[in-house]
């Protein structure tokens, strides 16, 4: 994996133990831009035969990639309270720096995927919540969803379904999943 930011050494040292997909629960939000994180962890669970169960305000599934057990998480608290799941992960011995958060990113073109370690939330309420509960020292997978032409349209924009054909969205989600797998398999413990 080629990385073009200054946190490359920090990223290469990250041991992923949990992947949190950001999104909002319920059918009304299914396949919306803001649920890109849910779509990514759902695709991972499907590929690795993970079964979702509900516990402590979240859905979880366990998978194994490269002999590493990884907990997949979908917060059921809505985006603005996503950080509430961190306490349960901490009880399982998963430190903040061992978490990858998959989320939608307005600053990237549709389908672009970039990794970033640490940093601000840049207005993303799910990231703000996670940072408020545990700090910013976690890896992010930023999934590009584009930005609307008018800034005031952002809340409606992220809560709408993708305008791209569903097979293209699925293709880009699968691409993001492959980048996660590549990252984990190229960075063995």
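Hey, can you rank 84-93, 175-184 by average C-beta count inside 10 Å, highest first?
Details: 84-93: 15.9, 175-184: 17.6.
Sorting 84-93, 175-184 by mean packing, highest first, produces 175-184, 84-93.
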>> With only alpha-carbon pairs counted, each pair once and no self-pairs, how large is the Kirkwood hydrodynamic radius of the stretch 62-136 in angstroms?
In response: 13.5 Å
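Starting with the fewest neighbours, write out 68, 63 ranked by other beta-carbon atoms found within 10 Å of each beta-carbon.
Working: 68 15, 63 19.
Fewest-to-most Cβ neighbours within 10 Å comes out as 68, 63.
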>> Sorting check: for 128-134, 107-113, which peptide has the highest mean count of neighbouring beta carbons within 10 Å, and how do the rest follow?
In response: 128-134, 107-113
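Which value at 222 nm does the chain reach when only helices count, each DSSP H run of 4 or more adding -39,500 (n - 2.57), with the total divided by all residues and rounded to the nearest 500 deg cm²/dmol? Intermediate values should be presented prior to the final figure.
Values: 6 runs with 59 residues, N = 189.
Helix contribution divided over all residues of the chain: -9000 deg cm²/dmol.
With a 10 Å radius around each residue's Cβ, average the other Cβ atoms per peptide and rank 160-168, 33-41, highest first. Walk me through the numbers on the way to the answer.
Details: 160-168: 11.9, 33-41: 26.1.
Going by the mean number of other Cβ atoms within 10 Å, highest first, we get 33-41, 160-168.
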> Which whole-number percent gives the relative contact order of the chain, counting Cα pairs below 8 Å spaced six or more residues apart?
Replying inline: 28 percent
>> If I histogram all Cα-Cα distances within the stretch 62-105 using bins 10 Å wide from 0, what percent of pairs lands in each bin?
In response: 22, 57, 20, 1
> Over the chain, what lengths in whole Å, largest first, do the semi-axes of the equivalent ellipsoid take, defined as the square roots of 5 times the eigenvalues of the alpha-carbon gyration tensor?
Replying inline: 23, 18, 17
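Laboratory data are not the source of any read-out in this text; all were calculated from the coordinates shown. Keep in mind it's a predicted model, so treat the numbers as computed, not measured. All Cβ positions, even for glycine, are placed from backbone atoms using ideal geometry, and neighbour counts span all protein chains on display.
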